[in-house]
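The values are calculated or read from the model by the stated rules, or taken from the named source; none is laboratory data. What you see is a predicted model; the values in this text were computed from it and never measured. Note that we place each Cβ from the backbone using ideal geometry, even for glycine, and neighbour counts take in every protein chain shown.
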Amino acid sequence: MSTTIDPEPYSVGVSMKRKEDQRFIQGHGNYVDDHSIPGMLHLALVHSPYPHARIVKIDKTAALAVPGVLAVLTGEDLAAHNLAWIPTFHGYDKQMVLCVGKALYQFQEVAGVIATSRDAAHDGAELVDVTYEPLDPVIDPFVSLTDKTLVREDREAKTNHIYHWEVGKRAETDAALAAADVHINERIVFQRCHPAPLEPCGIIADMDPATGRLTLIMTSQAPHAHRTVVSLVTGIPEDKIRVISPDIGGGFGNKVPVYAGYVVAAAASVVIGKPVKWVETRTENLTCTGFARDYHMDVEIGATKDGKVTALKVKTVADHGAFDAAADPTKYPAGLFGIVTGSYDFPTAFTELDAYFTNKAPGGIAYRCSFRVTEASYAIERAMDILARRVNLDPSELRLKNFVRKDQFPYPSQLGFVYDSGDYHMTLKKALDKIGYADLRKEQAEKRARGELMGIGISTFTEAVGAGPSKHFDIMGIKMFDSAEIRVHPTGSAILRAGTKSQGQGHETTWAQIAAEELGLDPQNILVEEGDTDTAPYGLGTYASRSTPVAGAAIAMAARRVREKGRNIAAHLLEAPLADVEWSDHAFNVVGVPDKKITMQQVAFAAYTNPAPDSEPGLEATFYYDPPSLTFPYGAYLAVVEVDKDTGAVKVRRFLAIDDCGTVINPMIVEGQIHGGLTEGFAIAFMQEIVYDASGNNLNTNFTDYLVPTSLETPHWETDSTCTPSPHHPIGAKGVGESPNVGSPAAFVNAVMDALSPLGIEHIDMPLTREKVWTAIQAAKK
Amino acid sequence: MTITVTVNGTKYVRDVEPRTLLAYFLRESLGLTGTHIGCDSSHCGVCVVVLDGERAVKSCNMFAVQADGHEILTVEGLAAGGKLHPLQQAFWDQHGLQCGYCTPGMLMTSYALLGKNSHPSEAEIRDGLSGNLCRCTGYQNIVKAVEQAAATIGAEAAAPVPEPVAS
């Protein structure tokens, strides 16, 4: 699948080598911190050591005495510019930029030091003398819900409860659960973790006092949305703001929200009239910027004694930290958690969620997943395995018995989605065949007889991506469409601009491939540009696997508009009536005369040199695509593990991922995305967690304590695919970047629990560290 | 303090603060921004450069003054004569990069690795790259890229030297 072949024109489905790689392999990438502007100042932030404390006094004297330090900004200083608080992502809450009155979580930003050099700024930050009066922190969401200590005094409602959300049929589900032959009820926790892209977040804010224009070169997954937010918050007209998102060193959802450093740098640049750079440290990245998950889910399934599911109920407590800054579309406070019925045909279902404030960093971002889909997929895939054990069915049989059938698509789920397409039976059967499932079960039986712990785990997830249709999806009112603009030059090369922003996904290649396929042009000669709000059409950016489902569709549609205009020109060149000119095999010809072709390149030249009489010269088009529906990629993943019963160490022996993401634009890139997502899923399953101790100290503040898998631990990945095109996407694509991170954690955990089942161990919460597995084994022995 | 370092074949004499890390010196004093910074604690390896032609060092873990009198090779110095180094070509061919942020460090670590071991096994490559983190690729294609580069370099070394053309 990964064999690269020479690039060829008209190339959807071709493993074309990436166009963007030339600069990256030669050290000519262009990330935020690589930019420098003459006269640029530097910002360093001061952080609270306490998770909950009153700010008694901030003494700037010593900091201001450091040579090169120009200013120390506090929350009160920002208040003078009406920037002490900014709205959160979906607009339901507000968050402090710098502490005002209180610090609400450890490492919260208290002050910003502006200096002429990076070192002077950090020296100054060390010397800002803050007097705190520590207060009792609320760390556990289940303590928070008692409201004994209030996290947010600033809010009108004197409670830590943020919101209640529910969907489905409560009474019907409760009745079905009560009547079920078999009823499982398991607390499944998806731990707090962090995307930790290798490039930290950063900005250069550059207010030009002469023109009044504010340029923000920043790590942004959504440059247009950020421009609009900056305009709404500051009152600066939107035409006076330019957001440039240059090369991004990984995002994974972490670069969607607005962070304190961005705002303070921008405010400082506006006030001082000079460019200000802020680049966070790794510790700042892990402790202050958007975390993910932290869902505590009680999952109940009812089933007949032979394993046919009858009802699903999930009750979740969500820990949102100190502000409700979860990155979810406005009408979806719990994101797309309703996908929790997964790939299964539940006759009835109900889910509810309550979110709470705690004295922890805010977040709840979509870490390499569509909004809250990873939490939901993990919950249902774990629970189905627990059910399989309870009804004595092989987990593969239980799944095959309960899958939504191919003939049920488009499938309306009990929790409000309409799945577009799929053939779950085919994909799981392919996976079972390919990995040699029957043989593995046989081997496992032999090993069990010898007392060895081998496990096989299955996860057959369904994702909901491509947010989204404007009737449902918006962020602070901005509808979640996306856009593309294509200009074909006289010589038949082109520039393509989109409202998305690649952070490694390879858009410069895949977007060119889509346009090339639609236009019959050479993808090597289609320049793709994203991330500059002065030039790109308005779009909502890249996260939640929305780029291919939404912007990818916009590109195909813009290209088709170009083609329609080109057909006019072709008719002129062919001296044929328009109705007789057709597009086939990547060129125009007169119906019935396939040999007499006019290429798009010829049409492009004519558009500028010999346009049809009474027609508009030039050859370009823009398309804003409002998707009619979400897309529903899915997959069947199988993990094979060995557990060392003496040490608790888990070895992932094999991992097979069969993905169905509809039409594949570039198989090499899709496979690479799957490798990467599986590795992040592996990290979450076995090593990653942001832990706060009982006093509110963050225990995972750097890569010593927050583990990223290296080349040594990372398993070898086996991949394959099935293809069920999306019926409503112009080229049938569904999106894939996040499927492996959504689907794989359950496969790993199911495999380990399968290995431990002879000991009677049913569930251990992630991450499955050696210590946790060993402790569970020891407890089981007693 | 004044230091003299040779970077990618060019000699530089520069004044530096004693606390300046080599990574910042390369990026900010010399403008060689291909060397990245990602963790501040020597875990991630995006800052790796090659010291004296053979040793991969994490330039965020070394002071610029410690490089005084030494030769440094950075990612910008890998391609020669308008031709990509076999490692660069292999990373491109094998899709060994996605966001590109870890790539310079991966290339320089691999360069030093192949200098010591011209035909490493997969296990040796994985061991050799274990100080370099990547969040995008899952390492599999990086390993393949290093294998390809080793084969290319081996084939080039084995190829007969072309006869000089008489003029």
Can you name the residue in region B:50-97 that is over 30 Å from B:M1 (Cβ atoms) and charged (D, E, K, R) and is also nearest to the other protein chains (Cβ to nearest Cβ) among such residues?
B:D93
Among what's in region A:486-512 and is farther than 19 Å from A:F252 by Cβ and in a loop (DSSP other than H, G, I, E, B), pick the residue that is nearest to the other protein chains (Cβ to nearest Cβ).
A:G499
Scan of region B:57-72 for residues that are in contact with a helix residue (DSSP H, G or I) (Cβ under 7 Å, 6 or more places away or on another chain) and in contact (Cβ under 8 Å) with a residue 60 or more places away in the chain, ordered by number
B:A64, B:A67
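The rows are residues; the columns are (1) over 30 Å from A:P549 (Cβ atoms); (2) in a helix (DSSP H, G or I); (3) over 29 Å from the mean Cα position of the chain (by Cα).
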{"residue": "A:K434", "(1), (2), (3)": "no, yes, yes"}
{"residue": "A:A438", "(1), (2), (3)": "yes, yes, yes"}
{"residue": "A:G457", "(1), (2), (3)": "no, no, no"}
{"residue": "A:A467", "(1), (2), (3)": "no, no, no"}
{"residue": "A:S470", "(1), (2), (3)": "no, no, no"}
Is it the case, given these coordinates, that B:V65 is among the β-branched types (V, I, T), surrounded by fewer than 24 Cβ atoms within 10 Å (Cβ to Cβ) and under 13 Å from B:Y24 (Cα atoms)?
yes
Take residues that are in the same structural domain as A:Q505 (by TED's automatic domain parsing), touching a Ser or Thr at 6+ places or on another chain (Cβ under 8 Å) and free of Cβ contacts under 8 Å to residues at least 60 places away in the same chain and tell me which of the strands (runs of 3 or more DSSP E) falling wholly in region A:523-606 contain 3 or more.
A:526-530
Residue tally, condition farther than 16 Å from B:V57 by Cβ and either surrounded by 24 or more Cβ atoms within 10 Å (Cβ to Cβ) or facing another protein chain (nearest Cβ under 9 Å) (or both), over region B:103-121
1
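Just for region A:725-751: of the residues that are assigned to a loop (DSSP other than H, G, I, E, B) and buried (at least 24 other Cβ atoms within 10 Å of the Cβ), which one is nearest to the other protein chains (Cβ to nearest Cβ)?
Across region A:725-751, the extreme among qualifying residues is A:G737.
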Does A:A553 satisfy being over 22 Å from B:C99 (Cα atoms), buried (at least 24 other Cβ atoms within 10 Å of the Cβ) and modelled with pLDDT of 95 or more?
yes
Which condition number in (1) farther than 30 Å from A:L198 by Cβ; (2) crowded, with 24+ Cβ neighbours inside 10 Å; (3) not charged (D, E, K, R) is the one that A:G307 fails?
(2)
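Each row is one residue, and each column tells you yes or no for (1) at pLDDT below 95; (2) crowded, with 19+ Cβ neighbours inside 10 Å; (3) not small (G, A, S).
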residue	(1), (2), (3)
A:D595	yes, no, yes
A:I598	no, yes, yes
A:Q602	no, no, yes
A:P611	yes, no, yes
A:G618	no, no, no
A:F623	no, yes, yes
A:L638	no, yes, yes
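Yes or no: A:L656 in contact with a helix residue (DSSP H, G or I) (Cβ under 8 Å, 6 or more places away or on another chain), over 20 Å from B:Q98 (Cβ atoms), among the hydrophobic types (A, V, I, L, M, F, W, C) and surrounded by fewer than 24 Cβ atoms within 10 Å (Cβ to Cβ)?
Details: in contact with a helix residue (DSSP H, G or I) (Cβ under 8 Å, 6 or more places away or on another chain): yes; over 20 Å from B:Q98 (Cβ atoms): yes; among the hydrophobic types (A, V, I, L, M, F, W, C): yes; surrounded by fewer than 24 Cβ atoms within 10 Å (Cβ to Cβ): yes.
In short, yes.
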The condition from (1) part of a loop (DSSP other than H, G, I, E, B); (2) at pLDDT 95 or above that A:E133 misses is numbered (1)
Anything in region A:673-717 that is out of contact with any Lys or Arg (no Cβ under 6 Å at 6 or more places or on another chain), free of Cβ contacts under 8 Å to residues at least 24 places away in the same chain and within 7 Å of chain B (Cβ to nearest Cβ)? List them, or say none.
A:T704, A:T710
Kindly indicate whether any position in region B:11-19 is of a type outside the set (A, V, I, L, M, F, W, C), surrounded by 15 or more Cβ atoms within 10 Å (Cβ to Cβ) and closer than 27 Å to A:L198 by Cα.
no
